[in-house]
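**Student:** Just passing along the structure, written as structure tokens.
Each reported figure results from applying straightforward, stated rules to the coordinates on display, with no laboratory input. Being a predicted model, the structure only gives us computed values, none of them experimental. Note that we place each Cβ from the backbone using ideal geometry, even for glycine, and neighbour counts take in every protein chain shown.
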């Protein structure tokens, strides 16, 4: 059975898409059959996977509104080897159209049910807002991976996200839980970041992943080449951190 996880944070620019793309590629390299679902109308995870969002006949939008099946929408990342349910601007229209549809919060969950034995991991890249798209992601997932920077404002945003997850758990998805927090764009030279990192470990304990992703230029360059960072430059510190994170994820899933 596929393990389905959301990569979510209501704060923008915290590395959700970078985490999703690189974790998908790292899991695929580790021998795990992986599907990446791009739920952001910007389509950054799609482009970062090497799939041209401008040339798509079918996207995750068509899947959510019932105009296409999963096999018709799915594409394969040419560099990462994992499968992608791609997105482009069409997805913005789904926000309005989903409101009138039956089981509107569960459209993605229903669509993914057909692939339960096809994949080992399904990763959902959510937009940076609590929208109908994000709700679909949270309702389809068994757990949430939260990438966050070790900064003061990120801590404030984290409390909002935890409250959102609690509400979704209580009202829409009883299986939903926080899998873990991933520290990203980390600079060990900054005292504040070390202090926030220590606060996270103190408050959340083993919910904080041991892997820490440092600030890394090669990770930032990779999307412009349409490649995950772990493929673009395997020797980069950021790529190695995501490879370690993938191994940690696989280890955690064996214990659950």
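**Student:** Based on the mean of other Cβ atoms within 10 Å per residue, sort peptides 155-167, 3-15 so the most packed one is first.
**Tutor:** With the highest mean Cβ count within 10 Å placed first, the list reads 3-15, 155-167.
**Student:** How would you rank 243, 249, going from fewest to most other Cβ atoms within 10 Å of each one's own Cβ?
**Tutor:** Ascending Cβ contact count within 10 Å gives the list 243, 249.
**Student:** What nm distance separates the two modelled labels at residue 57 and residue 244, each placed 7 Å from Cα along Cα→Cβ?
**Tutor:** Each label point lies 7 Å from its Cα, and together they span 4.5 nm.
**Student:** Quick check: the angle from helix 237-255's long axis to the longest principal axis of the chain, C-alpha only, nearest 10 degrees?
**Tutor:** Approximately 70 degrees, to the nearest ten.
**Student:** Against the longest principal axis of the chain, how steep is helix 152-171, in degrees 0 to 90 to the nearest 10, with axes from Cα atoms?
**Tutor:** Helix 152-171 sits roughly 40 degrees off the main axis of the chain.
**Student:** Just to confirm the number: angle between the C-alpha axis of helix 16-29 and the first principal axis of the chain, 0 to 90 degrees, nearest 10?
**Tutor:** Tilt relative to the chain: about 90 degrees.
**Student:** Rounded to two decimals, what is the ratio between the C-alpha radius of gyration of segment 119-214 and 2.2 N^0.38 Å?
**Tutor:** It is 1.12.
**Student:** Let me ask something else. Run through the DSSP bridge list for the chain and note the antiparallel percent, rounded to the nearest 5. Don't skip to the end; give the middle numbers.
**Tutor:** Values: 2 of 27 bridges.
Taking every DSSP beta bridge with both residues in the chain, the antiparallel ones total about 5 percent.
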